[in-house]
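Asker: Dropping the structure in here first, questions after.
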Amino acid sequence: MKIGIVGAAGRMGRMLLAAVSAADGAEIAGGVEPAGHPDMGKDLGSLAGLDPVGVVLTADARALFDVVDAVIDFTMPIATAAHAGMAHDSGTALVIGTTGLDDLQQNTVSSAAHFAPIIQAANYSVGVNVLEGLVEQAARILPEAYDIEVLEMHHHHKVDAPSGTALALGQAAADGRAVNLDDVADKVRDGIIGPRKVGDIGFATLRGGDVVGDHTVMFAGPGERLELTHKASSREVFANGAVRAAIWSAQQKPGLYSMKDVLGF
Ligand code: NAD
């Protein structure tokens, strides 16, 4: 299976190049960064610290969509929306890891899924997908008196907050309580804001160092507190999950899928 990586020189891009080259039945068929990128023309194997693979970094994403079976995209929201348009035009499968898409960008992705298989997940690790199920279950069982707080920490380069994973965990909690997350999410607290509202789902964001991704969902009740935590210690788990999703996409019809579909949860 021929796999292309957009954002191939990024933190996740380099991990993805290594994960594709290690996967059975998959090969690196192309990699793209915007024109003028300092690594333009470099061999993609060398970019990932591996032996050369004879394929170089280019700036032509549209051409990439025409020659590969699936594209993996861990870039930035504006680029991901453009790539979804290319998946729409080419019918090529797209695996999206980029987080922080606004409503318009998300609509572009959802529309493209009528024409190509698109897999989108805020987190491609197996552990976080299991955690989402546990959070939904705990939120369903525990009464509203158990205040739900989602705490996350990431490295200091991360640009969006709260993380896509924190929002997905908040969504899982809201699903468990059968409420609309937008109605109960409390993402910013500053100044004299009064007591916490019963039923709110709070978010707290920490940024620092090289933390790959820590997430805790707390259920703080009267006399006890339940905490469910996931800690990623390597980006490899995300890269391996995304490559697994790309290989899975080969058998899929157009549609919008999640990592839970890939894992069969
Ligand atoms: P990064 O900044 O290291 O890498 C992004 C790369 O995309 C850069 O090299 C940049 O030059 C490139 N890029 C930007 N616009 C482009 C375009 N139009 N065409 C091609 N390449 C383009 O960031 P990162 O840490 O690798 O994270 C990237 C995204 O992935 C973020 O949104 C992050 O939140 C997300 N992420 C998701 C998961 C997951 O499991 N879903 C895991 C880790 C990171």
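The values are calculated or read from the model by the stated rules, or taken from the named source; none is laboratory data. Everything numeric here is computed off the predicted structure, so don't read it as measured data. Using ideal geometry, Cβ is built from the backbone for each residue, glycine included, and neighbour counts are taken over all protein chains shown. Only protein heavy atoms, including side chains, enter the accessible area calculation; ligands, DNA and RNA are left aside. Shrake-Rupley method; radii C 1.70, N 1.55, O 1.52, S 1.80 Å.
Asker: Do the alpha carbons of any pairs in LYS2/LYS231; LYS42/LYS231; LYS2/LYS253; LYS42/LYS158; LYS158/LYS187 sit beyond 22 Å of each other, and which pairs?
Answerer: LYS2/LYS231; LYS42/LYS231; LYS42/LYS158
Asker: So, in nm, how far is label ARG62 from label GLU224 when the simple model puts each one 7 Å beyond its Cα toward the Cβ?
Answerer: Calculated label separation equals 6.0 nm.
Asker: Moving to a separate point now. In terms of solvent-accessible area of protein heavy atoms at a 1.4 angstrom probe, what is the ranking of MET86, MET259, highest value first?
Answerer: Descending order: MET86, MET259.
Asker: At 1.4 Å probe size, with no ligands or nucleic acids counted, give the accessible surface of VAL198 in Å², nearest ten.
Answerer: 110
Asker: A further question follows. Using only Cα atoms, tell me the angle between helix 77-90 and the longest principal axis of the chain; keep it within 0 to 90° and round to the nearest 10.
Answerer: 50
Asker: Now for a different question. Build a GNM of the chain with springs between Cα atoms under 10 Å: which of ASN240, ASN129, ASN107 gets the top mean-square fluctuation?
Answerer: Checking each option, the largest mean-square fluctuation is seen for ASN107.
Asker: Related question: How do HIS88, HIS157, HIS215 stack up against each other in accessible area, from largest to smallest, with a 1.4 angstrom probe?
Answerer: Correct descending sequence by accessible area is HIS157, HIS88, HIS215.
Asker: Relative contact order for segment 173-225: what is it in percent, counting Cα pairs under 8 Å that are at least 6 residues apart?
Answerer: Relative CO of segment 173-225 lands at 28 percent.
Asker: Express the accessible area of the chain per residue in Å², computed with a 1.4 Å probe while the remaining protein chains stay in the model.
Answerer: I get 47 Å² per residue for this part.
Asker: Taking the Cα centre of segment 160-259 as the origin and placing charges on Cβ (Lys, Arg +1; Asp, Glu -1), which of VAL184, ALA250, GLY194 is farthest toward the positive end of the dipole?
Answerer: Positive-most Cα among the choices belongs to ALA250.
Asker: While we're looking at this one, here's another question. So how far, in whole Å, is the C-alpha centre of segment 155-226 from the one of segment 55-132?
Answerer: Distance between centres, Cα-based: 26 Å.
Asker: Any idea what the dipole of the chain comes to, in debye rounded to 20, about its Cα centre with Lys/Arg Cβ at +1 and Asp/Glu Cβ at -1?
Answerer: Dipole size: approximately 160 debye.
Asker: For helix 126-141, report the angle its Cα long axis makes with the longest principal axis of the Cα atoms of the chain; keep it between 0 and 90° and round to the nearest 10°.
Answerer: Orientation of helix 126-141: about 20 degrees from the principal axis.
Asker: Shifting gears a bit: Could you work out how far apart the two model spin labels at ASP89 and ASP261 are, taking each label as a point 7 Å from the Cα in the direction of the beta carbon, and quote it in nm?
Answerer: 2.4
Asker: If each DSSP helix of 4+ residues adds -39,500 (n - 2.57) and the sum is divided by the residues in the chain, what number results at 222 nm, nearest 500 deg cm²/dmol?
Answerer: Value at 222 nm, helices only, nearest 500: -11000 deg cm²/dmol.
Asker: Please list, in chain and number order, the residues 5+ apart from TYR257 or on another chain whose amide H is under 5 Å from its amide H, with Hs placed from the backbone.
Answerer: Under 5 Å from the amide H of TYR257 lie the amide H atoms of ILE118, ILE119, GLN120, each far enough along the sequence or on another chain.
Asker: Students often forget the sequence filter, so: which aspartates and glutamates lie under 17 Å Cα-Cα from LYS197 once same-chain residues fewer than 8 apart are removed?
Answerer: GLU144, ASP147, GLU149, ASP182, ASP183, ASP186
Asker: Over the chain, with a Gaussian network built from C-alpha contacts below 10 Å, which listed residue (LEU16, LEU44, LEU181) shows the highest mean-square fluctuation?
Answerer: Taking springs between Cα atoms under 10 Å, the residue moving most is LEU181.
Asker: Could you work out the relative contact order of the chain? I mean the mean sequence separation of Cα pairs under 8 Å and 6+ apart, divided by the number of residues, in percent.
Answerer: Taking the mean separation of contacting Cα pairs over the length of the chain, I get 21 percent.
Asker: Another question, if that's okay. Among DSSP beta bridges whose residues both lie in the chain, state the antiparallel percentage, nearest 5.
Answerer: 35
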